[in-house]
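Values in this text are rule-based calculations from the coordinates and carry no lab data. Predicted model only: the values in this text are computed from it and were never measured. Here the Cβ positions follow ideal geometry from the backbone for every residue, glycine too, while neighbour counts run over all protein chains shown.
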Amino acid sequence: MKANFILLSALLSITITGLRAQGRWDTTSTGTVLTTTNDSVGIGTNQPQSKFHLNNGDLLISENGYPNFKVTKDGLVRAREVRVNLDSIPDYVFEPGYQRLTLYQLEQYIKNNKHLPNIPRAGEYNSAGSIDIGKLQLRLLEKVEELTLYIIELQKENDILKEKMEQVQKELSKD
């Protein structure tokens, strides 16, 4: 992704240089197509508010007519793949000393708090106005790994109960 933005920046630089050389670079009129001020580039604005400011339009990066990345003016981002840099994967859940709640404790926690442990309440996301996707993914992975351990534990308990039931049935059938 970083390489794509570096390439986009280089292409914009080449385009700007070419437009200036051809005399098609307009930085004064209100109908500006491309502008530059203080090392910022604006398309559709003559006062860019950031290094690259696209006004009243969508940003589309495509290859051979196939859209690979798109940001709409409504804030929607479409991409074939998104990579999020992560600190670490929560494999600590599988360490022998990891303490997770019993299912009864978990049930009580959910009844009292109306959300899972280590997952923020909906109100926290609403007040922040955004979600850190990487952090949320790690927390969700932690929950999936904990659920896997709960399932394994329940399967073992189920197997023990089946064995005991079979033993009781054998004892009853002897009589």
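Quick one: if you stick a label point 7 Å off each Cα along the C-beta vector at E107 and Y92, how many nm between them?
With each label point 7 Å from Cα toward Cβ, the separation is 2.9 nm.
If the cut-off is a Cα-Cα distance under 20 Å, which lysines reach K70, setting aside same-chain residues fewer than 8 apart in sequence?
Candidates past the 8-residue exclusion: K2, K51.
How far is it, in nm, from the label point at Q169 to the one at Y125 when both lie 7 Å from their Cα along the line to the Cβ?
4.5 nm
Sorted by average packing, counted as other Cβ atoms within 10 angstrom per residue and highest first, what order do 107-119, 132-144 take? Working shown, then result.
Numbers: 107-119: 12.1, 132-144: 14.3.
Final packing ranking: 132-144, 107-119.
Please report F94, F52 as a ranked list, fewest other C-beta atoms within 10 angstrom at the top and most at the bottom.
Details: F94 11, F52 14.
Neighbour counts put them in this order, fewest first: F94, F52.
Suppose every K and R has +1 on its Cβ and every D and E has -1 on its Cβ; what is the size of the dipole of segment 91-174 about the Cα centre, in Debye to the nearest 20?
On the way: 12 positive and 14 negative charges, 64 e Å.
For segment 91-174, the charge dipole is close to 300 debye.
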